[in-house]
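One structure coming up, written as structure tokens, with questions to follow.
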Amino acid sequence: MRTVNLESQKTGTMSKAKEKSAKKRVVEEDDDQLPIFDKDVTEKKAGEEEDADLSDSEESVFSGLEDSGSDSHDEEEDAEEGDDEEEDDDEAVILDEILTKSSGVETATEPPATDKNKPTQPDEKPASRRKMKKGEGVAMDDGGEKGLITIRHGDEYEHDTSDEEDIRNTVGNIPMEWYQDYPHIGYNLDGKKIFKPIRNKDELDEFLDKMENPDYWRTVHDKTTASDIRLSDEQVDLVHRLQKGQFGDINFNEYEPSVDFFTNEVMIHPVTNRPQDKRSFIPSLIEKEKVSKLVHAIKMGWIKPRKPKETTPQYYDLWAKEDPNAILGRHKMHVPAPKMRLPGHEESYNPPPEYLLTEEERMAWEQQDAEDRKLPFLPQKHSCLRAVPAFSRFIHERFERCLDLYLCPRQRKMRVNVNPEDLIPKLPKPKDLQPFPTTMSLVYIGHTSLVRSISASPTGQWLVSGSDDCTVRFWEVNTGRCMKTLEVGGAVKSVVWNPNQAVCLVAVCFESTVLLLNPALGDRLVVSSTDQLITSYEPPEEDKEQAVTWALSEGPEHDNGHRLTLTHPKAVKQVVWHGKGDYLASVMPDNSSNLQVLIHQVSKRRTQNPFRKNKGLVQCVSFHPLRPYFFVATQRYVRVYNLIKQELTKKLMTNCKWISSMAIHPGGDNLICGSYDCRLAWFDLDLSTKPYKMLRHHKKALRGVAYHKHYPLFASGADDGSVIICHGMVYNDLLQNPLIVPVKVLKGHQITHDLGVLDVTFHPTQPWVFSSGADATIRLFT
Amino acid sequence: MGGLQKKKYERGSATNYITRNKARKKLQLSLADFRRLCILKGIYPHEPKHKKKVNKGSTAPRTFYLLKDIRFLLHEPIVRKFREYKVFVRKLRKAYGKAEWTGVERLRDNKPGYKLDHIIKERYPTFIDALRDIDDALSMCFLFSTFARTGKCHVQTITLCRRLTVEWMNYVVASRSLQKVFISIKGIYYQADVLGQLITWLVPYQFAHDHPTDVDYRVMATFTEMYTTLFGFINFRLYQTLNLVYPPKLDSKAESELKAEHEEDYAMDSESYLEKLSALSASLARVVATAEEEENQLDQFPADGNMEAREKEQKEQEDQNRLFEGLKFFLNREVPRESLAFILRCFGAEVSWDKSLCIGGTYDVTDETITHQIVDRPDIDKQYINRYYIQPQWVFDSVNAKMCLPVEDYFLGVTLPPHLSPFVEEKDGDYVPPEKLKLMALQRGEKHGKIQEEEEEEDEDEDDDDDEEEDNDEEDEDLTEEKNLKKMEDQRSQGKVRLEQEEKAEEKRLAIMMMKKKEKYLYDKIMFGKKRTTREGRTAHNNSWNGVNGMVSNVVSMWLMPFH
């Protein structure tokens, strides 16, 4: 108290008022802000213990503001000394207050006996401060107390500035080690150095101190001033109390009897004895007005009692005014939901027995997923209506229907249900396309092996056939009689009757020989003229080297009808006559040379090889019936050569894998190709090099195709043993495409060794067709 | 090359569709509300033609609605009601939480509700449109009317459904429009011809339902809400067309009779009235007391070729409507009373039942004038000699056959003939069960079995006669020769026919050869399908499943994959 008094005396009235408030505040602080205070103290204690290595960071945690405060303090110091001083004083008062609170006696803070280094007493503080203010002397001595207080000061926020701090050392909040090597530890307010105490406490001193000084435990070292402070008893007590978690003030009774602000007992008397206002007895005008308004409204029928709610819906004629214009555009986009499927017999409670599932079907049904099932339920049979149970999935089905109705995306789909009958092309009836061969009328039996080739004489009276049994047979067409049988030296590959009616010659090829025969059938004149024609040959002067050797037959061979023998270098597969009957082409299929096709002129016994180049394996060749064209069919293409110009005019793509046979329409503008891959390609030479039509009538490889000379018919024979006759009408009008109608499937040949019909040929005048088969027969269909 | 680059998916079909989520966001509705709105307004997803285009290049499975549909929903006043209801629920919950009971009551009083009248009018601009779409409504209402009055839905809904279905049945009875009935394992199908529209509905058997857990009853309830509104308006209109009072009232005469009998048994008048109606035994009151059904004769149009056919048709129809007229039925207690009473009344029969079974029975078992008693038990103790005791299937089969079938097959304890579906219409080539063939023969007027037998007998007689005659007369030989000649001719003609047939077949075969590859493939496929159908028919399972190849291209609306 003494100090306080001193202070107040010193600083005058103003500081007195401040002191009051400060005192109050401190008390409050003690009461209310105990935790903070407590913390500060403990922190302080910690700081005391690890004095030497107190880091700045730890201090800054608690005195961050102080830092800045101290800075500002420094700046302001120069400007306003007076103000500063005043505040300093105030600070001091507060701090003293704290230290001497309980006892209020500064006597307790006498300099401890051991603290010999402390040069001045706290008593001298005011004096020294005054001195300081006046710029006299060094006041570093009493800074210890002040320093401690500075840190302990918890309520720095109330005074927003740290100017009031009693700072002796102006270095600020820095690690004091920085001054280790200096004789001073900082600067006082006047900028003078504060020197370290002269003596240096070493370890020994410390130890001795510890051993000897009874107050050692209550001594705290202040780093900033490098002085030891001995805590007074009150201070120690305070620390203890705070450590225990008790209130700092001893006199504070924490268990004061509580006095209710309001009683909890219900009182029978009013709190106040004030009589009621007059207005509480007078009816309210405003309310009256309101009520009268309501009454009026009720009278006038404006307000009606609440109607009872309509629970049952009211129905009326909703469509009384049907307006067709009211149909919105939406309705056009509307896709009505399909109706539920109507039940079939199987859904009956008593279905016909064939609709009940068998045991296996039932098992299968049960094992299927619900989605895969054809029937969503198991058909059941009940003997009477009474025995029918409830359908367990009834609600499910209705619910699924609901889901379908509102969740299922709908789409309008045009389902074109094609009537299969409409797909069948409308063709003229075969009946209207007669005549064509319909029935098998004759079978020519005699050969013992498959008949490779047949040919009818131009008069239509005779038929020649060549077979694998090394014979050539001549038949009379009308009777089926074998007129002649000629043995040749190998399996006959091809026989062709000379198309010229004035000549009676048959070309036969076997192995590498082409034989020209005069069968001596028919008109004698023709036969003899033919012989004459052959004998009248005069060899030319210069003998050219030819690819084949022409040999005239003599002796018994001549009697047999052999006339000329053309020996080829290779095996001959096919011979073919030109329409005039003078030229003859033979085919020697060979992939490796250009000598595949030879054209012979019988009258001049001349042979030439028309092709210089090999264009693939030649399958068959044919002469154009009217013009000097020559058709060569290789595996996949048919090439048309102009014999006069000696050039290629056309190359027809057949789209087949392997051509087997070829026939030229007597008009010369159309061509058919049979192939081993079951197809028959019809080419219109005027139209395109691609097939006009591909016919896939046969099930197996085609072996022979033929055109009729006069009738619009063509035939194809295949390995499936059938001959298909088609009506192939070619119009003179170039604009009209050929009409192709299959008219008859002729069957008769047996399939032997997977071979059926090997060759077909038409009768030259009648609508008859001959077919030769692998079953060693020749059949005539009329 | 100027011009802006065209952005993808900003024109064309991509702009015509909207995904469900976007639609929901646009409408600012919760999913549940959106669904309810879709159900009520009849909005359904559409399957775009080019899904990928619409889906902006993505192939993710999405549901698409037409943008126009959603725009149309934007203006729906009911959407606001939905929002109001949401607020109401929130307020109510709050009031409950605070235990403000007066507030709860007040809120309850002001509960927002909505009417669907305008939606019905908008969805079905004409009455016939509505009638066409009533199948589902009927089935749903019949289902709901069988629910127990606890749990799954509001009692009001159930009673309303019951009321509407009873009204419907009364209408069908009054208009005599029932056509076909079918007892299936699911329930009983009925088909009626109402104003030219064939309407089919399914009524479950009268059992307590085992309510499944995986069914969302809210969806069903929303549908029912819509259906009841629709159904009520349709009933009103239908009653109007017949000059009947709506809501239906019993004929005053019938009413007084009923009252006198049963007043003491039934306390609640309002409840019992519906039951009296549902008894279907009395006729309904008319607005104008007209003379009994004046037959509207078809006017004679002189130059109408179809006239005869039409007349004939109408006559047939009338005959069918009077199928049971003059017959007096009694229903035993074990048969389904409602369905049988409904059917019998539809075809003009008088029908009664045990007094303890239901209100509205008009005569007793002991009545001597009863012609048929419908019994579904193997035997009955006391039998009257002047009536047939038949099983219920007789009624159903007779209705489907449009004639009273011989009762012998349906006597007590007799194994019943199979019950066939009247909805199956066999096309040529389909499998027809033998029972149906027999029935068709019966309908044509032949008595199938008997006639055959008779014919055989006749033949025998003839043979006998021949023998006798041969013994006696020689002239008859000429006769026999003539007969032989005839036979020969017949054979020849048969041969000709066969030849022709063969020719035709070959023609066809040849024409098929000339088909193009593509068409041939299609043709083969169709023919294969046909063959399979017949094969399956022959093995006697269901012939109606496979696609039927009609002559015309028809427009089919399809379900696509449902996204449940």
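The values are calculated or read from the model by the stated rules, or taken from the named source; none is laboratory data. Just so it is clear, the model here is predicted, and its values are computed rather than measured. Methodologically, a virtual Cβ is constructed for each residue, glycine included, from the backbone with ideal geometry; neighbour enumeration extends over all protein chains shown. Each accessible area value is taken on the protein alone, full model and side chains, heavy atoms only, with ligands, DNA and RNA left out. Shrake-Rupley method; radii C 1.70, N 1.55, O 1.52, S 1.80 Å.
Look at segment A:276-320 and say how many of its residues are more than 14 Å from every other protein chain (Cβ to nearest Cβ), open to solvent by 80 Å² or more (accessible area, probe 1.4 Å) and hydroxyl-bearing (Ser, Thr, Tyr). Lay out the reasoning, then the answer.
Initially, segment A:276-320 is screened for residues more than 14 Å from every other protein chain (Cβ to nearest Cβ), giving A:276-304.
Now restrict to residues that are open to solvent by 80 Å² or more (accessible area, probe 1.4 Å): A:276, A:278-279, A:281-283, A:285-291, A:293-294, A:296, A:298-300, A:302, A:304.
Now restrict to residues that are hydroxyl-bearing (Ser, Thr, Tyr): none.
Qualifying residue count, segment A:276-320: 0.
As an exercise: evaluate residue A:406 against (1) open to solvent by less than 80 Å² (accessible area, probe 1.4 Å); (2) closer than 23 Å to residue B:215 by Cα; (3) more than 7 Å from chain B (Cβ to nearest Cβ) and give the number of the one condition it does not meet.
Every condition holds for residue A:406 apart from (3).
Return yes or no: is residue A:743 open to solvent by less than 20 Å² (accessible area, probe 1.4 Å), within 60 Å of the chain's Cα centre (by Cα), over 24 Å from residue A:429 (Cα atoms) and in contact (Cβ under 8 Å) with a residue 24 or more places away in the chain?
Working: open to solvent by less than 20 Å² (accessible area, probe 1.4 Å): yes; within 60 Å of the chain's Cα centre (by Cα): yes; over 24 Å from residue A:429 (Cα atoms): no; in contact (Cβ under 8 Å) with a residue 24 or more places away in the chain: yes.
In short, no.
Is it true that some residue in segment A:613-620 is surrounded by fewer than 20 Cβ atoms within 10 Å (Cβ to Cβ), in a loop (DSSP other than H, G, I, E, B), aliphatic (A, V, I, L, M) and modelled with pLDDT under 85?
Of the residues in segment A:613-620, the ones surrounded by fewer than 20 Cβ atoms within 10 Å (Cβ to Cβ) are A:613-617.
Now restrict to residues that are in a loop (DSSP other than H, G, I, E, B): A:613-617.
So of that shortlist, the ones also aliphatic (A, V, I, L, M) come out as A:617.
Filter once more, keeping what is modelled with pLDDT under 85: none.
No: segment A:613-620 contains no residue that is surrounded by fewer than 20 Cβ atoms within 10 Å (Cβ to Cβ), in a loop (DSSP other than H, G, I, E, B), aliphatic (A, V, I, L, M) and modelled with pLDDT under 85.
Criterion first (in contact with a helix residue (DSSP H, G or I) (Cβ under 7 Å, 6 or more places away or on another chain), at pLDDT below 90 and open to solvent by 80 Å² or more (accessible area, probe 1.4 Å)) does residue A:340 satisfy it? Outline the logic, then answer.
Numbers: in contact with a helix residue (DSSP H, G or I) (Cβ under 7 Å, 6 or more places away or on another chain): yes; at pLDDT below 90: yes; open to solvent by 80 Å² or more (accessible area, probe 1.4 Å): yes.
Judged against the criteria, residue A:340 is a match.
Right, next: Any residue in segment B:71-84 that is within 14 Å of chain A (Cβ to nearest Cβ) sitting within a Cβ distance under 8 Å of a residue that is open to solvent by 80 Å² or more (accessible area, probe 1.4 Å) and in a helix (DSSP H, G or I)? List the pairs, counting only those 6 or more apart or interchain.
Close Cβ pairs (under 8 Å, with a partner that is open to solvent by 80 Å² or more (accessible area, probe 1.4 Å) and in a helix (DSSP H, G or I)) amount to B:74/B:26.
Related question: Residues being within 10 Å of chain A (Cβ to nearest Cβ) and modelled with pLDDT of 85 or more: count how many of those fall in segment B:228-259. Spell out how you get there, then give the answer.
Taking segment B:228-259 and keeping what is within 10 Å of chain A (Cβ to nearest Cβ), we get B:228-237, B:239-240, B:246-247.
Cutting the leftovers down to modelled with pLDDT of 85 or more gives us B:228-237, B:239-240.
Within segment B:228-259, residues that are within 10 Å of chain A (Cβ to nearest Cβ) and modelled with pLDDT of 85 or more number 12.
This table checks each residue for (1) open to solvent by less than 20 Å² (accessible area, probe 1.4 Å); (2) among the small types (Gly, Ala, Ser); (3) within 7 Å of chain B (Cβ to nearest Cβ); (4) out of contact with any His (no Cβ under 6 Å at 6 or more places or on another chain).
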position	(1), (2), (3), (4)
A:368	no, no, no, yes
A:374	no, no, yes, yes
A:388	yes, no, yes, no
A:391	no, no, yes, yes
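Looking at (1) open to solvent by less than 80 Å² (accessible area, probe 1.4 Å); (2) hydroxyl-bearing (Ser, Thr, Tyr); (3) more than 8 Å from chain B (Cβ to nearest Cβ), find the lone condition where residue A:448 falls short.
Result: residue A:448 fails condition (1) only.
Mind listing whichever residues of segment B:325-341 are open to solvent by 10 Å² or more (accessible area, probe 1.4 Å), part of a helix (DSSP H, G or I) and of a type outside the set (Ser, Thr, Tyr)?
Matches in segment B:325-341: B:337, B:338.
Return the residue satisfying two criteria in turn: it lies in segment B:10-49 and is hydrophobic (A, V, I, L, M, F, W, C) and either open to solvent by 30 Å² or more (accessible area, probe 1.4 Å) or assigned to a strand (DSSP E or B) (or both), and of such residues it is farthest from residue B:120 (Cα to Cα).
The selected residue is B:18.
Turning to a different aspect of this structure: Quick check: is even one residue across segment A:749-764 assigned to a loop (DSSP other than H, G, I, E, B), surrounded by fewer than 23 Cβ atoms within 10 Å (Cβ to Cβ) and within 14 Å of chain B (Cβ to nearest Cβ)?
The answer is no, given that none of the residues of segment A:749-764 is assigned to a loop (DSSP other than H, G, I, E, B), surrounded by fewer than 23 Cβ atoms within 10 Å (Cβ to Cβ) and within 14 Å of chain B (Cβ to nearest Cβ).
Follow-up question, since we're still on this one. How about segment A:267-294: which of its residues are in a loop (DSSP other than H, G, I, E, B) and closer than 30 Å to residue A:305 by Cα?
Just the residues of segment A:267-294 that are in a loop (DSSP other than H, G, I, E, B), to begin with: A:267-284.
Across segment A:267-294, the qualifying residues are A:283, A:284.
For segment B:157-207, which residues satisfy the criterion of being within 14 Å of chain A (Cβ to nearest Cβ), in a strand (DSSP E or B) and among the charged types (D, E, K, R)?
Scanning segment B:157-207 gives a single hit, B:180.
Scan A:742, A:767 and give me the residue that is within 25 Å of residue B:502 (Cα to Cα) and assigned to a strand (DSSP E or B). If you could, list the steps in order and put the result at the bottom.
Working: A:767 fails: assigned to a strand (DSSP E or B).
Sole residue among the options that is within 25 Å of residue B:502 (Cα to Cα) and assigned to a strand (DSSP E or B): A:742.
If the requirement is being under 30 Å from residue B:237 (Cα atoms) and touching a helix residue (DSSP H, G or I) at 6+ places or on another chain (Cβ under 7 Å), which of these qualifies: B:104, B:79?
B:79
While we're looking at this one, here's another question. Under the condition of being among the hydroxyl-bearing types (Ser, Thr, Tyr) and surrounded by fewer than 22 Cβ atoms within 10 Å (Cβ to Cβ), which residue from segment B:135-156 is nearest to the other protein chains (Cβ to nearest Cβ)?
B:146
Restricting to segment A:717-740, what's the tally of residues that are in contact (Cβ under 8 Å) with a residue 40 or more places away in the chain and open to solvent by less than 30 Å² (accessible area, probe 1.4 Å)?
9
Working only within segment A:648-707, note down all residues that are surrounded by fewer than 21 Cβ atoms within 10 Å (Cβ to Cβ), among the hydrophobic types (A, V, I, L, M, F, W, C) and farther than 21 Å from residue A:625 by Cβ.
Correct list: A:653, A:658, A:678, A:694, A:701.
Checking the condition without any contact (Cβ under 8 Å) to a residue 60 or more places away in the chain and in contact with a strand residue (DSSP E or B) (Cβ under 7 Å, 6 or more places away or on another chain), which residue from B:357, B:416, B:420 passes?
Numbers: B:357 fails: in contact with a strand residue (DSSP E or B) (Cβ under 7 Å, 6 or more places away or on another chain); B:416 fails: in contact with a strand residue (DSSP E or B) (Cβ under 7 Å, 6 or more places away or on another chain).
When all the criteria are applied, what remains is B:420.
Name the strands (runs of 3 or more DSSP E) wholly inside segment A:531-600 in which the number of residues that are surrounded by fewer than 20 Cβ atoms within 10 Å (Cβ to Cβ) is 3 or more.
Details: elements: A:549-552, A:562-567, A:574-577, A:583-587.
Correct list: A:549-552.
With the condition kept exactly as written, say whether any residue in segment B:36-46 is in contact with a Lys or Arg (Cβ under 6 Å, 6 or more places away or on another chain), at positive phi, not assigned by the TED database to the domain that holds residue B:221 and not aromatic (Phe, Trp, Tyr).
Looking through segment B:36-46, at least one residue is in contact with a Lys or Arg (Cβ under 6 Å, 6 or more places away or on another chain), at positive phi, not assigned by the TED database to the domain that holds residue B:221 and not aromatic (Phe, Trp, Tyr).
Looking at (1) more than 11 Å from chain A (Cβ to nearest Cβ); (2) surrounded by fewer than 13 Cβ atoms within 10 Å (Cβ to Cβ); (3) touching a helix residue (DSSP H, G or I) at 6+ places or on another chain (Cβ under 7 Å), find the lone condition where residue B:57 falls short.
Result: residue B:57 passes all but (3).
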